[in-house]
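The structure appears right after this line, and notes come after that.
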Amino acid sequence: MSPLLSAVEIQAKLQTLDDWQLDGKMIQTVKKFDGFPSAIAFVNKLVEPAEAAGHHPDLAISYNQVTINLSTHDAGGLTQKDFDMATTIDGLL
Ligand code: H2B
C-alpha cells in the first residue's frame, strides 16, 4: 500500500499543481466547462486512466462544473497515488 503523506509533503506537492486545494483528507479541484456535454465528456475521459491506475476520483457534476476529490481510501488519507492522478487529470484538460 502507498504510504500516507505528511502535512509537509502534501503542501509541497500541492504547490506543483494548479487549482487543487487541500480539503480535510482529500485534495479537491473544480473544473468549469462551456456546458453540460463538455463536462460529461471530460468525466468520460477520466474513466480509462482511473481504471488503468486502479485509482478513482470522487466526482460531482453540476451543469458545467465538475468537482473532483481525491484520496486513497485504503490508506485513510493522501498518498502519492492522489497526486499522480491529479497530474493525470490536469493533463486531460
Ligand atoms: N480509488 C481511490 N481513490 N482510492 C482507493 O483507495 C481506491 C480507489 N482503491 N480505487 C482501489 C479502487 C481498490 O479498492 C482496488 C481493489 O484497487
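The values are calculated or read from the model by the stated rules, or taken from the named source; none is laboratory data. Bear in mind that the values here come from a model prediction, so they are computed numbers and not experimental data. Note that we place each Cβ from the backbone using ideal geometry, even for glycine, and neighbour counts take in every protein chain shown. Side chains included, ligands, DNA and RNA excluded: accessible areas come from the protein's heavy atoms. Shrake-Rupley method; radii C 1.70, N 1.55, O 1.52, S 1.80 Å.
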inquiry  = Any residue at all in region 67-82 that's open to solvent by less than 80 Å² (accessible area, probe 1.4 Å) and away from the ligand (no atom under 14 Å from the Cβ)?
reply    = yes
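Could you please find all residues in region 37-52 being of a type outside the set (D, E, K, R) and either more than 8 Å from the ligand (Cβ to nearest atom) or more than 23 Å from Leu14 (Cα to Cα) (or both)?
Pro37, Ser38, Ala39, Ile40, Ala41, Phe42, Val43, Asn44, Leu46, Val47, Pro49, Ala52
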task = Just need a number here: residues in region 55-66 that are out of contact with any Ser or Thr (no Cβ under 8 Å at 6 or more places or on another chain), within 11 Å of the ligand (Cβ to nearest atom) and open to solvent by less than 50 Å² (accessible area, probe 1.4 Å).
result = 1
query = With respect to the numbered conditions (1) more than 16 Å from the ligand (Cβ to nearest atom); (2) under 12 Å from the mean Cα position of the chain (by Cα); (3) part of a loop (DSSP other than H, G, I, E, B); (4) not small (Gly, Ala, Ser), which one is the sole condition not fulfilled by Thr16?
reply = (2)
ask   = Based on what the data block shows, is Ile10 modelled with pLDDT of 95 or more and in a helix (DSSP H, G or I)?
value = yes
message = Just to be sure before I move on: is Thr16 under 24 Å from Met1 (Cα atoms) and hydroxyl-bearing (Ser, Thr, Tyr) in the structure I sent?
response = yes
message = If I filter region 4-19 for residues that are open to solvent by 20 Å² or more (accessible area, probe 1.4 Å), acidic (Asp, Glu) and under 17 Å from Thr88 (Cα atoms), do I get at least one hit?
response = yes
message = Anything in region 44-93 that is under 18 Å from Trp20 (Cβ atoms) and acidic (Asp, Glu)? List them, or say none.
response = Asp58, Asp82, Asp84, Asp90
Sole residue being under 25 Å from Met1 (Cα atoms) and of a type in the set (Phe, Trp, Tyr), chosen from Phe33, Phe83 = Phe83
